[in-house]
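Comments concern the structure below.
The values are calculated or read from the model by the stated rules, or taken from the named source; none is laboratory data. Just so it is clear, the structure is predicted and the values come from calculations on it, not from any experiment. Cβ placement follows ideal geometry from the backbone for every residue including glycine, while neighbour counts extend to all protein chains displayed. To get the accessible areas, we keep the full protein, side chains included, count just its heavy atoms, and leave off ligands, DNA and RNA. Shrake-Rupley method; radii C 1.70, N 1.55, O 1.52, S 1.80 Å.
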Amino acid sequence: MTLFAVNVCRWRHLVAFSSLALTLTAAPAMASDGPSPSSFIPSPPGLAATSWVLMDAKSGRVLVEHDADKRVPPASLTKMMTAYIAENEIESGNMSPTDEVRISKEAWQTGGSRMFVKVNSNVPVKDLMQGIVVQSGNDATVAMAEHIAGSQSSFADLMNEHARQMGLQNTHFMNPTGLPDPEHYSSAHDMAIIARHIINDFPDHYSLYAEKYFTWNGIKQPNRNLLLWRDKSVDGLKTGHTEEAGYCLVASAQQSDTRLIAAVMGTNSEEARSQETQKLLSYGFRYFQTQKVYDAGQELRRARVWGGTQDEGAFGVANDVYLTASKQDEGGLSNRININGDLQAPIEAGQQYGTVQIVQNDEVIDEQPLVALESIEQGGLFKRLWDGLLKFVQGLF
C-alpha cells in the first residue's frame, strides 16, 4: 500500500471517530437508572435534651440531628478521646496492656467518679482502661494521661491534635477527664465522630465498652450506661454528667449489618438520657438500614485514556462501599460518576481520578473516590501524536 493510501485510510478513521465523538458529546450524561419510590417517613422523635445526633457508623453520615454542632460541656464523654489515644498508643507499640503505671498523688486525689486506685501503687494499663471506660474513674484517667504525656496539660495538647486530625469542628479539650472548664467543650456531632473512630479504628479493643461491671480494690462498680442491660443490641460507649453539662450519653448498637451511633447531650437525669437515646436508636433501626452498594475493586466505568498503550481504562472503587439509607427509599438510589477532565497516560492503579456520588431523591448522600483499577503506561511517540490529533479534532465539535 502506498503512503498516500495509508494516509487516506487514517483520515477515514479520523472522520469516523470524530462523528462518534460528536454523537457522544451531544448525549447528556445519565445516572444509573432505577426506581425511585417516595414513601412517608415520620419526623424523628423530639428529645428532652439540649442536642443530639444519630450517625451511621460505617459511612459517618448523619441521619437525624438537632443542634448537633452546638458547643456544650461534654463531661465524662471526654474520656472517649482519652481511651482512644491510649488504644492508639497500644496499637502503635508505644505501650503494652501489661505496662505498670505509677499512680501519682495528683491522680489519686482527683475528685469526682473514681476507680479507687491507691497513691504510689502500680496499676497495669489494661486495668486502668477498664477504670476509665467502665467506672469512668477520674483518678484512672489522670494516671493514664500522665503516663502517656507526662502531665494533663501536655495530654490535652495531644487530645486537641487528634481532634484536629479527626476533623472535629467544635471541640477543644483542657483536660483528659471532662471536669468543668470554660474552654473545654465539644458537640454531639463531634462526640459521635470520636465514637466512630473508636469502633472502626480499633475494633479489637471495642468489647471493653460493653463490660457491665469492673471490680478494683475490692469495690465493684457498674457501667453507668443503662442501655447495656435494656437493649441487647447496644454494646457501648460512654456516659457523662456534671451539673453544667447535664446527663449525656453516646451509645452504639448493631442490628444485622446496620450499626448506629447516637449522641445525646444535656438531659436532666440518668434515666432520661437512657430513654431519650433509646428513642433515637429505635427510630434509626425502624426506618434505616445498611446495604452494600459496591464491592472493593468493582468496575463502574470504562473511560478514554489519551496517549496510553491502550485506549480505555477501568475505573471503580478501591474499598467496599456501604450505605445507610431509609428503608422506604432503598430502591431509589442512583450514581453520578465524575471524572477529573481528560485522562492522560500514564495512569496509576489505585490513584484517584474522580468521584462517585450516590444519589437518593436528587440528594447526594455519599461520595467516594473513583480510582483507576489498572495501570496504563504511556504509549510511544506515534501513539501520543495520533491521540493528540484525535483529541484536537474532537475539540472542534
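Data table
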| item | result |
| --- | --- |
| So Q357, is it modelled with pLDDT of 90 or more, over 11 Å from A303 (Cβ atoms) and in contact with an Asp or Glu (Cβ under 6 Å, 6 or more places away or on another chain) | yes |
| Residue in segment 116-128 that is under 25 Å from the mean Cα position of the chain (by Cα) and modelled with pLDDT of 95 or more present | no |
| In segment 78-101, the residues that are touching a helix residue (DSSP H, G or I) at 6+ places or on another chain (Cβ under 7 Å) and acidic (D, E) | E87, E89, D99 |
| Residues that are closer than 11 Å to W306 by Cα and free of Cβ contacts under 8 Å to residues at least 12 places away in the same chain, drawn from segment 338-385 | L385 |
| Residue list for segment 354-375, restricted to those being among the charged types (D, E, K, R) and either in contact with a strand residue (DSSP E or B) (Cβ under 6 Å, 6 or more places away or on another chain) or in a strand (DSSP E or B) (or both) | E363, D366, E367, E374 |
| Cβ pairs under 7 Å, 6+ apart, first in segment 141-169 and within 21 Å of T98 (Cβ to Cβ), second among the acidic types (D, E) | V142/E106; I148/E89 |
| Residue among D311, D320, D329 that is open to solvent by less than 40 Å² (accessible area, probe 1.4 Å) and modelled with pLDDT under 95 | D329 |
| Search result, residues across segment 336-353 that are in a strand (DSSP E or B) and either crowded, with 19+ Cβ neighbours inside 10 Å or modelled with pLDDT under 90 (or both) | L343, Q344, I347, Y353 |
| Filtered residue count, segment 182-237, keeping only those that are acidic (D, E), within 16 Å of M55 (Cα to Cα) and either open to solvent by 20 Å² or more (accessible area, probe 1.4 Å) or in a loop (DSSP other than H, G, I, E, B) (or both) | 1 |
| Residues satisfying the stated conditions in segment 360-383, i.e. more than 23 Å from E299 (Cβ to Cβ) and either more than 42 Å from the chain's Cα centre (by Cα) or polar (S, T, N, Q) (or both) | N361, G380, L381, F382, K383 |
| Checklist (1) assigned to a strand (DSSP E or B); (2) of a type in the set (A, V, I, L, M); (3) under 13 Å from T177 (Cβ atoms) applied to V101, failing item | (3) |
| Hits in segment 354-384 - residues which are more than 27 Å from S59 (Cβ to Cβ) and buried (at least 18 other Cβ atoms within 10 Å of the Cβ) | I376, G379 |
| Subset of segment 238-257 that is assigned to a loop (DSSP other than H, G, I, E, B) and in contact with a Pro (Cβ under 6 Å, 6 or more places away or on another chain) - its residue that is farthest from F288 (Cα to Cα) | E244 |
| Residue tally, condition open to solvent by less than 40 Å² (accessible area, probe 1.4 Å) and more than 22 Å from E183 (Cβ to Cβ), over segment 46-87 | 14 |
| Among the residues listed as A272, A245, A251, the single one being under 30 Å from V321 (Cβ atoms) and either of a type in the set (A, V, I, L, M) or at pLDDT 95 or above (or both) | A251 |
| Tally, over segment 113-151, of residues that are open to solvent by less than 40 Å² (accessible area, probe 1.4 Å) and farther than 17 Å from I90 by Cα | 12 |
| Residue in segment 94-112 that is under 15 Å from C248 (Cβ atoms), polar (S, T, N, Q) and buried (at least 20 other Cβ atoms within 10 Å of the Cβ) present | no |
